[in-house]
Structures are given as structure tokens and as C-alpha cells.
Amino acid sequence: MHRYGETRTSAEPPGDAKLRRWLAAAVAAVAAVAPAGVARAAGGAAPPVKPGVALLSQTPYVAGRGVFQLRLSVTSDDPSTDLVEVLLFNQVIDRTDFGLAASGRVQGYSSYHPTVPLHRLPADPAGGVDVEIPIGQPAPPGSLFPEAPTGGSGVYPLQVRLLSQSGAEEAPPLTTFVTYASADDSFAPLSVAVVVPFSTPTVVAPGGRLSGPGPTEAARLNKLAGVLEADSSVPASILADPSTLAALSQGASSSALDRQTLADLAAGPQGGMVEVLPSTYSPVSPDQLDAAGLGGELTRQVEAGSSELRAVFGTAPATGIWVADGPLDASGLASLAARHIGRLLVPSSDLTPLPSYLTQFTFAQLTGLESGGSRFTVLAADAGLSADFASKEPPVLAANRLLAELALIQTETPSLSRVVAVMPPATEAVNPAFVSTLLAGLAGDPLLQAVTASRALSDTAATSPHLVRYLEDPYPQPTAAENALSSAAPTIRALRGKLEAVSSVFDGRSGRTASIEEKLLVAESPDLDAAQRNSLLSSAFSAAKQTLAEVSLPVAGSITLTSNKGQLPITILSSSPYRPRVELTLSSQRLIFHPLQPLGGSCKVPNPTKEVCTLSLGSQNTTLKVPVETRSSGVFPLVVKLLAPDGATLAMDQDTVRSTAVSGAGVVLIVVAFVSLAVWWVRDLRHGRRPRGMAPSPIEEADAGHVSPNGDGRGPMGHARRASGDRQRL
């Protein structure tokens, strides 16, 4: 068994020249009729492959007259005898019949069923074999297929079957569709807004480090960006995940392939036909944030997302429009209304059902959406169309079926202006081949007109002005992911406070500030599990603490003042390469502070016992000489606080102030005391001793009236009394 059309190589077998020539001729004969396929390794056996028919490409539509071409890869047991049968069925008239036909159960009958030997199909230069069917014109001479009949503009199922020589089917048939637009019909083309997600799952490496995508995802994103650049002439909308863009541009860790991906992606909107839609930084929705008590984070998510999109694309995303890629509730809509967003792309499953009279055909118009007093213009994305992005069918076949289904919607009411949105989930890993086939098929299609989402939501001709829809369930039960986010909400709020302090101190210029912000925003994604979220939050907390620790106070100490007026030496330490901005607060009930004019800052005294200084630290050690006046001597505390500009406390110490100075009142008291003591001594000196001859001494007075027991007139001390003798001498 081998794939028809493949070229095989083998080692030259031993033998004579005749045998070698015969083998070479055989190989050449097979190569002449076989399409490109999987080559047999030199000297090895071809891998076993089931017989089958696969679509490599096809003509997206035929307008008026032309040739419908299929490029097929056919795998066959015996290409020399197997047959290829082509069946063209009657036009499908509704999407139910279309769905049955796409699954291989075509309703109706086929009046066109030519059969051609497989080996007669011409090889295509791009690989595979070609089937060319004339439509609306006679078959040219030598054509293997006759002209196919058509019944007017519409969509026609077409099957390709691989048959054995006996007519038995060797594999399931390939079913695709022919879209035909008759030159005799006039119609309004269906406006089609294609939203292309550009995202990849978040990769959280050990230690809470965000990493770029793996090799497989990096290659897919590179191909998708190349497709968007190559087809940039076709209007489309890019819903890029900013966290994915950031992962591709992580400085030195970004590979050459990632940088090329970003360059190709940025080139797409440059022509003005492709728009960039706004997005949160990580894939969160307003209602999920509100349910977790983190409604205030929506503004930060949107601002960070817009900043990243502007950095990559060089232009701001569209304004006033929002793509709801998840369930919405009333609080989520209120958050959007507060941001002046009035136009929404919403999955149809999120809205209340339409009235029955509007369900006969595909509803393809704008309506109003009311919630909580707010009114929006809404375009509901058709679930069936969006599901084709995630189809398990080969991408080229799935994209062509989507084009055919869009054309069928147009033929339902060909005279009305209508609009549809094809919007897969934002986290969908879309296939680049699918997007390429879809955009290329929309180019020039007479039944379809590609538009951007912004233009689709401004199409007044396709608006049902009086129809108002509502949310299907304005208060849905929280999902497990939302509950997990709610559990992490206190930690997220605490980290947000730390981050705001870092931003205010370093004025947002620290590279680590951006890293902390990125981890915080990504941690809010409901797509993460608990381990990934905790790892990111823990890493971000550590980084925030380490950054704030670059500004500190020295160990508390003692300050001695020897005078009632002096200066307090206050030092602030900084190990940051930037110029941190801080606020220094000094307070003490026993000090009177006086204004200071420091370099690179300013100080104010809101009350005598407190001084506040706003500083920009330009060195590792910044010392302030703060003038103060003591109220009294003694030992008392001085409270020193170092704050971020937003008020968060960075450090706090309590120094000890020792005042040995004597106050004015104390000096007065000392002087009074010395004066009093001097007066006392003076008085004591003047009045403590009696002047001689003015009065008897205490001894003399004590001796008066006593007679010596010896009768000699001597006192008790044996001294002769001299008073009388003195008087006699006088």
C-alpha cells in the first residue's frame, strides 16, 4: 500500500544493468502518476497507511462561470486500478441539511457522478492530484470531468469516493461543498466579522517564574502571525492575549523565532484592514473578578493589556468595544458600562432565546442588550459557526465548510443586510492553516463580505432597533475556577498594596516592578490551578518585599542633646540604583521641631511635636540635621517612621533622646537657690558671733551666780572670774 503520487527512493540493488534499468523505469512510472506524499526511507519499507482521500485545498467559490478545483491527497492500495468518483448533490436549503451533509449523510440525490481512474488524475505542482470540474461553462477538450449542472446561487454538497476496480468503497468518502454565485442573481453580501485569537496557555516555571511557550506552541504562533501578515488585506479582528505577547518578548530569553513572530504580528494591522481588539492582560472576565471581590482589578487589567498591545502593535486597540469570551452577569456588564463600553460581541448562549418567529432562519442582526439600567449594542456570535474553529476535522476542510455554511446563511434571505460574528474562545489554540484558508476564502467572495468587529457593531442596516435581549442567567452560580480565585482574593489584595507601595517609591521605573505586576495580573486568571497561582503570588510577594527593603532605617540608637536647642542626626539607608521617593515622619512629645530645607526634598511641621519630610534619596546614606528644641531635660523616645508616598509603612524605629541641658526656669531656680544660700551665710556670719564687750558670753552667763567650792571665786571650770577685776580696772 502506498499513497498515490508519492516518489520513492531506494538503494540501488545488486545485479546486472538490465535489472537496474527495469527497476528505475518502474519507479519513474509510479512517480509520473502519483501525488506528493510520504516518501519511503532509503532502503526501508513504507509505513502502513489506510486508504483514504484528504482535502489539500479547493476553490472557495465559483462566480458565474469557472472551474471548481480540488487538490487531493489519495492513499490507495492499487493506484493502477482504483477509481475516483465525484458526486455533486442538489443544493442544501437550510443548516440542518447542511449539518447532515457535512457528517456524510447527504440528503437528496446526485445527478452528477463521473468516475475517473486514479492514475489518470494529473499531479499538482504543489503536491497531490487535481480534480477540475467546469461549472457554468462547457468542459474543455480532454477534460476528465464534464460540466456540472447548477440550479442557481447556493451551496451544493460534493463527495469524493475512492473505489476499487469492482466499485466497492475502499475508504469513507470526503464531503465538501461547492459555493456557486450565479451572475443572474442580485443579493446583499453577508457581513462576516472574524475574530482571530492569538494566545497560548500560561507556562509557570518552578519558583513562580513566567516562561515563554514551548517549541510546539512557539511554532504555531509563528505560523499564525505569518498568516495574519500575509492576509492583512482581508478585514479581520485580532484578539491577542497580552500575557502571551509579553511571554514572547521576555528580553534575553526571547528567541529569534519569538521576535519574528511579534514582528509579523505587528505588521498585520499596518495596512488598516486588520484591527486589534482590547483585552485584559490575562484571560479574565469582569464577572469573574466581581464574583471574587476583585472588581477594582478590571481597570488595572485593561490598562496593562492596552499598554502591552500598544507596545507590540504600535497603535492603541479599538475603543468602546468589548469581546465577552466567557459568561457575563449583571455586575460584569455594570463594570463595562462604567468604562464607557457600549458595543459587545457576546456568545449567543449568554443571551435569552429569540422569539420563535425569528428562528426560521439564522438570526444575523444587531440587537439591544439591557442590564441594570445600561443599554448596549450587541452582536451574538453564532455557536455553530464559532465551533468550526475547534473542529476535529482537518483544518483546510473545516475552514471550507465554514465558508460554505456562511454562504448558506446568506442565501436564506439574500435581499436583507445581515451580519454574523465568528468568534472562538479567546483561549482556543486556532490552527494557522484554518485561519489562512478562511481569510483567503473570504477575499472577493460575492456572497460574503469580511468586516472588522468594530464595523460589524456599527452596521445600522443590519440592526433590529426594537429587539432587546437580556442575559440568559444574570446571576449564574460561580464556577470552581471562580471559587478558587475568590479564595486567593485576600492574598491578591495584599500583594496589590505592596505593589502600589513599590510603584510609589520607585515611580514605576524599576524593572522588578513590572515583573511583580505581571505575576499579579496573571495570577488572577481563572485558567490557573491553585498550585500555579500560589507559586506566582509567593514569588511576587518575595520580590516586592525585597524591593521595598532597599530603603531602610539604621538600627535604633541614642541621641544626646547638651543644649536646649540642637540638631537630631537622622539617617536613611538606600541600596537601590534608582532614586527612591520616601516620606520621613518624626514625632516626640518632649521636642519642639523646626522646619528643615533638605536637598532634594521638603519638610513641614504640622504641629510643634511632629515634622514630615518628603525626600528623593540620591545616595546610599542620606543624613538630615533636624533642628529641635527640648521642652525639658531627661530621657524620652523619638518615633521615626519611613513611609512610601502612598502611605505604606516601610520602616519604623524608636530612638532614645537624652537631654542634659538646663532650661531657663531651672537656671532661675538655681540662681535663686544660690542667692538664698549666700544670704543665709552672710546673716549667720553677722549674727552668729556677739561683738566683744557688748554682751556676756554664754559661758559667762552660765557661770553667773555660782561660787567656787574652793571659795576663791573661780568658776566651775577653775577659771578666775575676771568680771569684777575688769570692772575695777575700769
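The values are calculated or read from the model by the stated rules, or taken from the named source; none is laboratory data. Source: prediction; values computed, not measured. Positions of Cβ are backbone-derived with ideal geometry, glycine not excepted, and every protein chain shown enters the neighbour counts. Keep in mind that these areas ignore ligands, DNA and RNA; they rest on the heavy atoms of the full protein, side chains included. Shrake-Rupley method; radii C 1.70, N 1.55, O 1.52, S 1.80 Å.
Among residues of the range 579-601 being touching a residue at least 60 places away in the same chain (Cβ under 8 Å) and crowded, with 19+ Cβ neighbours inside 10 Å, the one that is nearest to Q546 (Cα to Cα) is P580. Among strands (runs of 3 or more DSSP E) entirely within the range 167-236, having at least 1 residues that are crowded, with 23+ Cβ neighbours inside 10 Å singles out 174-181, 190-198. Within the range 558-578, the set of residues being over 18 Å from A651 (Cα atoms), open to solvent by less than 60 Å² (accessible area, probe 1.4 Å) and part of a strand (DSSP E or B) comprises I559, L561, G566, L568. How about the range 612-643: which of its residues are assigned to a strand (DSSP E or B) and either on the phi > 0 side of the Ramachandran plot or touching a residue at least 60 places away in the same chain (Cβ under 8 Å) (or both)? Within the range 612-643, P627, V628, E629, T630, G634, L638, V640, L642, L643 meet the criteria.
Given the criterion of a type in the set (K, R), open to solvent by less than 70 Å² (accessible area, probe 1.4 Å), under 30 Å from G368 (Cα atoms) and modelled with pLDDT of 80 or more, identify the matching residue among R469, R496, R455. Just one listed residue meets the conditions, R469. Number of residues in the range 333-367 that are crowded, with 18+ Cβ neighbours inside 10 Å and under 13 Å from G320 (Cβ atoms) equals 5. Please pick out the residue among Q288, Q250 that is free of Cβ contacts under 8 Å to residues at least 60 places away in the same chain and farther than 29 Å from A450 by Cβ. Answer to the selection: Q250. Those helices (runs of 4 or more DSSP H) of the range 394-467 in which at least 2 residues are closer than 20 Å to L70 by Cα, considering only elements entirely within it, cover 395-412, 432-442.
Given the conditions (1) open to solvent by less than 10 Å² (accessible area, probe 1.4 Å); (2) under 25 Å from V378 (Cα atoms), and given that A318 satisfies all but one, which numbered condition is not satisfied? Among (1) open to solvent by less than 10 Å² (accessible area, probe 1.4 Å); (2) under 25 Å from V378 (Cα atoms), the lone unmet condition for A318 is (1). Considering the conditions (1) closer than 15 Å to S199 by Cβ; (2) touching a Ser or Thr at 6+ places or on another chain (Cβ under 8 Å), M273 is excluded by exactly one of them, (1).
Of all residues in the range 94-119 being touching a residue at least 60 places away in the same chain (Cβ under 8 Å) and more than 14 Å from L158 (Cα to Cα), which is surrounded by the most Cβ atoms within 10 Å (Cβ to Cβ)? The extreme case among them is L118.
In summary, T491 fulfils each of the numbered conditions (1) open to solvent by 20 Å² or more (accessible area, probe 1.4 Å); (2) at pLDDT below 90; (3) part of a helix (DSSP H, G or I) with the single exception of condition (2). When the residues of the range 517-549 are filtered to those that are in contact with a Ser or Thr (Cβ under 7 Å, 6 or more places away or on another chain) and part of a helix (DSSP H, G or I), the one that is farthest from A648 (Cα to Cα) is V522.
Being within 30 Å of A488 (Cα to Cα), of a type outside the set (S, T, Y) and modelled with pLDDT under 95 is true for just one of A380, A324. Which residue is that? Let's see the steps before the verdict.
Working: A380 fails: within 30 Å of A488 (Cα to Cα).
Checking each option against the conditions leaves just A324.
Look at A531 and say whether it is farther than 22 Å from N621 by Cβ, surrounded by fewer than 20 Cβ atoms within 10 Å (Cβ to Cβ) and free of Cβ contacts under 8 Å to residues at least 12 places away in the same chain. Yes.
Filtered by the rule that a residue be in contact (Cβ under 8 Å) with a residue 12 or more places away in the chain and surrounded by fewer than 16 Cβ atoms within 10 Å (Cβ to Cβ), the range 501-528 gives D507, R509, R512, D527. Would the range 406-415 turn up any residue that is open to solvent by 40 Å² or more (accessible area, probe 1.4 Å) and within 21 Å of D94 (Cβ to Cβ)? Within the range 406-415, one or more residues are open to solvent by 40 Å² or more (accessible area, probe 1.4 Å) and within 21 Å of D94 (Cβ to Cβ). Restricting attention to the range 268-291, the residues that are of a type in the set (A, V, I, L, M), over 24 Å from E217 (Cα atoms) and open to solvent by 10 Å² or more (accessible area, probe 1.4 Å) total 2. The single condition among (1) open to solvent by 30 Å² or more (accessible area, probe 1.4 Å); (2) closer than 21 Å to L442 by Cα; (3) out of contact with any Pro (no Cβ under 9 Å at 6 or more places or on another chain) that L265 does not satisfy is (1).
When T623 is tested against (1) under 19 Å from F506 (Cα atoms); (2) open to solvent by 60 Å² or more (accessible area, probe 1.4 Å); (3) hydroxyl-bearing (S, T, Y), exactly one condition is not met: (1). Taking strands (runs of 3 or more DSSP E) as the structural unit, those lying wholly within the range 263-381 and holding at least 3 residues that are among the hydrophobic types (A, V, I, L, M, F, W, C) correspond to 321-323, 343-347, 374-381. Please verify whether the range 422-438 includes one or more residues that are surrounded by 17 or more Cβ atoms within 10 Å (Cβ to Cβ) and under 19 Å from A63 (Cα atoms). Scanning the range 422-438, I find at least one residue that is surrounded by 17 or more Cβ atoms within 10 Å (Cβ to Cβ) and under 19 Å from A63 (Cα atoms), so the answer is yes. Checking each residue in the range 373-396 for being more than 15 Å from D350 (Cα to Cα), more than 28 Å from the chain's Cα centre (by Cα), surrounded by fewer than 21 Cβ atoms within 10 Å (Cβ to Cβ) and in contact (Cβ under 8 Å) with a residue 12 or more places away in the chain picks out P394, P395. Could you please give the count of residues in the range 292-305 that are in contact (Cβ under 8 Å) with a residue 60 or more places away in the chain and not basic (K, R)? So the answer is 7.
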